[in-house]
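The structure appears below as structure tokens.
The values are calculated or read from the model by the stated rules, or taken from the named source; none is laboratory data. Just so it is clear, the model here is predicted, and its values are computed rather than measured. A quick note on method: Cβ atoms are made from the backbone with ideal geometry, for glycine too, and the neighbour counts reach across all protein chains shown. In case anyone asks, the SASA skips ligands and DNA or RNA and just uses the protein heavy atoms, side chains included. Shrake-Rupley method; radii C 1.70, N 1.55, O 1.52, S 1.80 Å.
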Amino acid sequence: MKIRNLVGFLALTSLSMAAQAHTHLSSSEPADGSVVTTAPKTFVAHFSEAAKVTALTISKDGGKEEKLAAPAQATQHLSAALPNLEPGKYVLTWRVVGDDSHVMSGKVAFTFDPKGTPMAGKMDEHKHSH
Amino acid sequence: MNIDALAAAVRAASFIVMLQAVGAAAFLTLFAHQLRASGAATRRLARNASLLALLLVALHYSLEAARMGGELASISDADLQGMALRSPLALAAGLRILGLALIAWATRPTALSRRPAALGILAVLCAFLFVGHTANHPSALWLRPLLVIHVGVAAFWFGSLIPLILVLRREPSVRASAVLDAFSASAVWLVPALFIAGVVLLAVLTELNPNVLSLPYGKILAFKLGAFIVLLGFAALNRNRLAPKLRLGYAAASRSLIQSVSCEIVLLVAIIAATGVLTALYSPE
């Protein structure tokens with residue numbers, strides 16, 4: 001059975017374009033899925049490796065996206081100023097280009113609720129797209 | 001508009017047409033001396049495919065800035081276009097465009113120029129040395145050539161199928177049989193080379209992590225596996241059942257071969273398109 005599985009896996013890999021690790025978001029503040037009771041002033045992101053941030057936007061309750069200033073140089077640790085936030089649900093969308101020239105993107109969703117219960121949220125490193 | 005989906009679609013289309021152009025040019029380089037009635041049509045195929053591929057490659061490259069910015073409007077962003085220009089993507093696009101232009105010129109209506117065609121094929125394939133997931137790997141020195149072998153054989157296989165149909169339709173059965181036998185003789189060792197190169201690449205870059213199979217990446221690979229197995233079935237049918245009948249002069253053999261090769265084309269288009277989308281949108285992580 002093990003040999004058959006190995007053969008099956010090897011056959012599965014035929015005609016494949018193999019992939020290697022890409023830049024991904026290791027952690028952020030606010031974290032994805034978190035609830036904060038104080039309006040955050042900055043968005044802090046830690047990437048798996050230095051990457052050039054090419055797009056950074058924030059939107060509230062599915063509304064229009066507002067562009068945020070991104071650093072000019074590649075960085076592994078991003079700190080971007082946020083506008084004054086009103087209570088609501090926010091989605092922060094990021095795009096980066098790594099050393100391998102691949103464009104990676106992802107979203108971080110958080111809720112600002114001054115009367116809510118703070119929730120740390122969870123960092124799912126796979127919630128990003130190539 | 002989902003810019004990632006648009007870029008992936010253009011990438012997939014560029015892969016299909018580019019491999020068609022390269023494969024048809026390779027077919028002509030090897031077998032043009034055996035072609036009479038189908039030669040001009042095959043040159044036209046290679047030329048038209050290379051010109052269309054050239055446009056698609058240019059479009060795909062220009063969309064990189066849009067992907068960086070996350071919206072189509074970013075295609076006119078000078079800073080992002082500058083980033084793309086300074087990346088290996090520009091070199092790869094340049095090589096592909098140069099190679100396809102050479103193929104288009106080499107397959108012009110008046111004559112076939114083998115050496116420029118071969119140089120054009122080489123330029124297109126060499127573009128894969130500079131981009132993709134193998135380019136930045138610590139073992140890139142030997143992984144890159146494997147990728148070129150993998151893509152090159154795929155291009156020859158796929159790009160030769162329409163020319164084979166043209167041969168079956170237009171050439172006398174004796175000549176068609178000879179061309180088919182010559183192609184089949186090369187495929188016997190080329191297809192295993194494609195398979196082995198692909199296996200080694202994926203084994204090294206994914207470290208044979210079985211968890212890959214549960215990801216979108218793995219699911220697309222599973223589809224490609226299924227299509228590849230069916231593809232091998234058609235190839236075996238052609239080689240072992242239909243080609244011998246063509247050789248013996250059976251009237252219906254040509255028609256059956258055309259149908260079988262057409263099925264191979266459909267499967268390979270699906271595999272190549274899946275590869276384009278796979279490498280644009282997903283990773284095994």
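B:Gly70 is checked against (1) within 14 Å of another protein chain (Cβ to nearest Cβ); (2) touching a residue at least 24 places away in the same chain (Cβ under 8 Å); (3) small (Gly, Ala, Ser); (4) out of contact with any strand residue (DSSP E or B) (no Cβ under 9 Å at 6 or more places or on another chain) and fails just one. What number does that condition carry?
Of everything listed in (1) within 14 Å of another protein chain (Cβ to nearest Cβ); (2) touching a residue at least 24 places away in the same chain (Cβ under 8 Å); (3) small (Gly, Ala, Ser); (4) out of contact with any strand residue (DSSP E or B) (no Cβ under 9 Å at 6 or more places or on another chain), B:Gly70 misses just condition (4).
Being open to solvent by 50 Å² or more (accessible area, probe 1.4 Å), under 20 Å from the mean Cα position of the chain (by Cα) and more than 10 Å from every other protein chain (Cβ to nearest Cβ), is that true of even one residue in segment B:197-220?
no
Could you grab the pairs with beta carbons closer than 6 Å, sequence gap of 6+ or different chains, first residue in segment A:90-103 and facing chain B (nearest Cβ under 8 Å) and in contact (Cβ under 8 Å) with a residue 24 or more places away in the chain, second one in a loop (DSSP other than H, G, I, E, B) and open to solvent by 10 Å² or more (accessible area, probe 1.4 Å)?
The qualifying pairs are A:Arg95/B:Gly70; A:Asp100/B:Asn136.
Only one of (1) without any contact (Cβ under 8 Å) to a residue 60 or more places away in the chain; (2) among the polar types (S, T, N, Q); (3) within 18 Å of B:Ser38 (Cα to Cα) fails for B:Asn211. Which number is that?
Going through the list (1) without any contact (Cβ under 8 Å) to a residue 60 or more places away in the chain; (2) among the polar types (S, T, N, Q); (3) within 18 Å of B:Ser38 (Cα to Cα), B:Asn211 breaks only (3).
Write out, first by first residue and then by second, each pair whose Cβ atoms fall under 6 Å of each other, whose residues are 6+ apart or on separate chains, and whose first residue, in segment B:267-283, is facing chain A (nearest Cβ under 7 Å) while the second is aromatic (Phe, Trp, Tyr).
B:Tyr282/B:Tyr217
Can you pull out every residue in segment B:32-53 that is of a type in the set (S, T, N, Q), assigned to a helix (DSSP H, G or I) and more than 21 Å from the chain's Cα centre (by Cα)?
Passing the criteria: only B:Gln34.
Could you tell me whether segment B:188-196 includes any residue that is crowded, with 16+ Cβ neighbours inside 10 Å, among the aliphatic types (A, V, I, L, M), more than 9 Å from chain A (Cβ to nearest Cβ) and within 17 Å of the chain's Cα centre (by Cα)?
Yes - at least one qualifying residue is present in segment B:188-196.
Which of the strands (runs of 3 or more DSSP E) contained wholly in segment A:1-99 include at least 3 residues that are modelled with pLDDT under 90?
Answer list for segment A:1-99: A:42-60.
Could you list, ordered by first residue, the pairs with Cβ atoms under 6 Å in which the first is in segment B:182-197 and over 17 Å from B:Pro145 (Cα atoms) and the second is open to solvent by 30 Å² or more (accessible area, probe 1.4 Å), at least 6 apart or interchain?
B:Ser184/B:Arg239
Of everything in segment B:50-71, what is surrounded by fewer than 20 Cβ atoms within 10 Å (Cβ to Cβ) and within 15 Å of A:Ser105 (Cα to Cα)? Give them in sequence order.
The answer is B:Glu71, and nothing else.
If you scan segment A:44-57, which residues turn out to be within 13 Å of chain B (Cβ to nearest Cβ), open to solvent by less than 40 Å² (accessible area, probe 1.4 Å) and not hydroxyl-bearing (Ser, Thr, Tyr)?
A:Ala51, A:Val53, A:Ala55, A:Leu56
Limited to segment B:54-92, what total is found for residues that are in contact with a Gly (Cβ under 6 Å, 6 or more places away or on another chain) and part of a helix (DSSP H, G or I)?
1
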